[in-house]
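Below: the structure, in structure tokens.
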């Protein structure tokens, strides 16, 4: 949850905090009406000078109050003009009226909504993007009396995200062109009849590496969309046993180089998901485990079903360094790896959660070992 959301969810927020504390203090100490009025004026001054939009609205869609920043965001000259001019927030300010309907339905159910992003329409018709946090306030009869909300204009951030996505799309397109040669040439050579077994094996390694890079390029946009909460899963039945075997085969060169013992217990377990993304998830976790194990050490991998969930266990010799244990799944969290990016566990967790699952990590110094447990919903039927 963002700091912006925490302001509202944690209470009235920093904007209201000082004024409210003054009011409560005055009531407890039974101070004079003059002092109470002074506290009220200071609270109003805080709200009026807030760098974010602050408002109160009715369930029917009218403003009860607003601060100057909110009026500025929507293109009105003053808060008073905004409150008096807008009679249907959903119809006049929301680009898609149904967005407010979804927001109201969620508030009725959960009381608080954090970081709700949607496009809005300014007074001059310009479309902007906003993020809001809202809290439903109920009356004595239990019905929602009004909503208190904070709102931010995130249009520039959205433009930056769009630009980043466009750049990534261009890079993917430009990288794919030379990849076609890397993949196509070994494919043609493998059709020759006079190749030795070593030549055929090396060509297959080049072909597999090229295809792996192609999958990484294709999946980069999906990972980015997961980061920005815009990913939509297109599930199909995927057998995790097959995916795990593919990943272990891809990593066989590393296993041989480090002389690792790899113990496997893979059962046919089917989940609903996208095979390439699940392969990225397992490949990253297995790669981390093999890199963390010492030369001549061991790694264990298991796939099974338990308690209505698909489970993947990956255990390796070696404990996660103390300095990154609390941020193991964080972006860029790495320690001791010369070429480590700190993105493997991070992207694996994104993929697991995009599939409705999660990943847990436990590590110990005695014995020195680390266990990762991936939990995913089983495919229906």
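Multiplying the sequence separation of residue 72 and residue 42 by 0.36 nm and subtracting their Cα-Cα distance, what value in nm do you get?
Numbers: separation 30, 0.36 × 30 = 10.80 nm, distance 2.16 nm.
That works out to 8.6 nm of additional length.
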**Asked** Rounded, prolate or oblate: which one fits the range 43-95, using the alpha carbon gyration tensor with axes a ≥ b ≥ c (rounded when a/c is under 1.5, else prolate when a/b beats b/c, else oblate)?
**Response** prolate
**Request:** Relative to the compact-globule scaling 2.2 N^0.38 Å, provide the ratio for the alpha-carbon radius of gyration of the range 65-193.
**Result:** 1.70
**Alpha-carbon centroid distance for the pair the range 266-328 / the range 100-163, whole angstrom** = 39 Å
**Asked** When ranked by the protection proxy of mean other Cβ atoms within 10 Å per residue, highest first, what sequence do the peptides 349-361, 51-63 form?
**Response** 349-361, 51-63
**Request:** Describe numerically, in nm with one decimal, the distance between label points set 7 Å from Cα along Cα→Cβ at residue 287 and at residue 221.
**Result:** 2.1 nm
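For 123, 109, what ranking results if the residue with the fewest other Cβ atoms within 10 Å of its Cβ goes first?
Working: 123 16, 109 9.
Ranking 123, 109 by Cβ neighbours within 10 Å, fewest first, gives 109, 123.
What length, rounded to one decimal in nm, is gained on full extension from residue 306 through to residue 188, with 0.36 nm per residue of separation minus their alpha-carbon distance?
Working: separation 118, 0.36 × 118 = 42.48 nm, distance 4.52 nm.
That pair, residue 306 and residue 188, stretches by 38.0 nm at full extension.
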**Convex hull volume per residue in cubic angstrom - Cα atoms of the range 174-274** = 163 Å³
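State the extension gain, in nm to one decimal, for the chain segment bounded by residue 179 and residue 118, taking 0.36 nm per residue of separation less the distance between their alpha-carbons. Don't jump to the answer; show the numbers that get you there.
Numbers: separation 61, 0.36 × 61 = 21.96 nm, distance 3.81 nm.
Once the chain is fully extended between residue 179 and residue 118, it gains 18.1 nm.
Would you mind ranking 208, 265, 124 by Cβ crowding within 10 Å, fewest neighbours first? If you can, show how the numbers build up before the last one.
Details: 208 15, 265 10, 124 7.
Least crowded to most crowded, the residues run 124, 265, 208.
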**Request:** Take the Cβ-Cβ distance between residue 211 and residue 99 as r, set R0 to 45 Å, and report the resulting FRET efficiency rounded to the nearest 0.05.
**Result:** 0.65
**Request:** Give the peptides 223-231, 366-374, 271-279 in descending order of average Cβ contacts within 10 Å, highest first.
**Result:** 271-279, 366-374, 223-231
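With only alpha-carbon pairs counted, each pair once and no self-pairs, how large is the Kirkwood hydrodynamic radius of the range 218-328 in angstroms? Don't skip to the end; give the middle numbers.
Numbers: mean 1/r = 0.0655 Å⁻¹.
It is 15.3 Å.
Values in this text are rule-based calculations from the coordinates and carry no lab data. Here the structure is a predicted model, which means the values were calculated and not measured. Neighbour counts run over all protein chains shown; Cβ positions are idealised from the backbone, glycine included.
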